[in-house]
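A quick write-up on the structure given underneath.
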Amino acid sequence: MTSWGIVFNTFEDLEGDYIDYVKKQMGHDRIWAFGPLLPDKEEHDPKGSIGRGGTSVVPPDDFFMCGSTFIPSGFKDQVEGRGFIFKGWASQLEILRHKAIGLFITHYGWNSTLEAVTSGVMMLTWPTGADQFTNAALVVDQLGVGKRVCDGGLRSVPDSVVG
């Protein structure tokens, strides 16, 4: 509350009501939505060290483990000709900006949310913790550019039959 001003990585069209609320709470208008702060395509870093997001990988051919998720042997053969498996780092932003992408299953971390919104990609929710549930509610309930798929976190798997 003693800050002279605040800069948020967002934009007015996305969170205008919340920015107005913070201005009211702070008692001044030195609150700026300066974003989204996303890397340009030209800033591609093959080591994924843009400073956020970590790595996106599907390593050894025998299986991939991420938390409690396994992709079994033979998966590569099953998707051949219909999809891609990235080994190493892949730019999520470049993927989302590709014309072939119609939707994005996301945990709703803020950077992923901004990247999808600014890329014009519909999102399916799978928040797992922290601010992700609030971000999902904003995108689904207020903006209408997302759809609830799974709100149960890591212990819940969405039904494969869309109703």
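Some values worked out for this structure:
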read-out	value
Some residue of region 38-55 being assigned to a loop (DSSP other than H, G, I, E, B), under 19 Å from the mean Cα position of the chain (by Cα) and at pLDDT 70 or above	yes
Selection count where residues are more than 11 Å from the chain's Cα centre (by Cα) and among the hydrophobic types (A, V, I, L, M, F, W, C), scope region 100-121	3
In region 102-127, the residues that are assigned to a loop (DSSP other than H, G, I, E, B) and crowded, with 17+ Cβ neighbours inside 10 Å	His107, Tyr108, Gly109, Val121, Trp126, Pro127
Residues within region 80-97 that are out of contact with any Phe, Trp or Tyr (no Cβ under 8 Å at 6 or more places or on another chain), modelled with pLDDT under 90 and assigned to a loop (DSSP other than H, G, I, E, B), tallied	11
Cβ pairs under 6 Å, 6+ apart, first in region 1-20 and outside the structural domain of Ser112 (by TED's automatic domain parsing) and exposed (fewer than 13 other Cβ atoms within 10 Å of the Cβ), second charged (D, E, K, R) and not in a strand (DSSP E or B)	Gly5/Arg30
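The values are calculated or read from the model by the stated rules, or taken from the named source; none is laboratory data. This structure is a prediction, so every number in the text was calculated from the model and none was measured. As a convention, Cβ positions derive from the backbone with ideal geometry for all residues, glycine included, and neighbour counts pool all protein chains shown.
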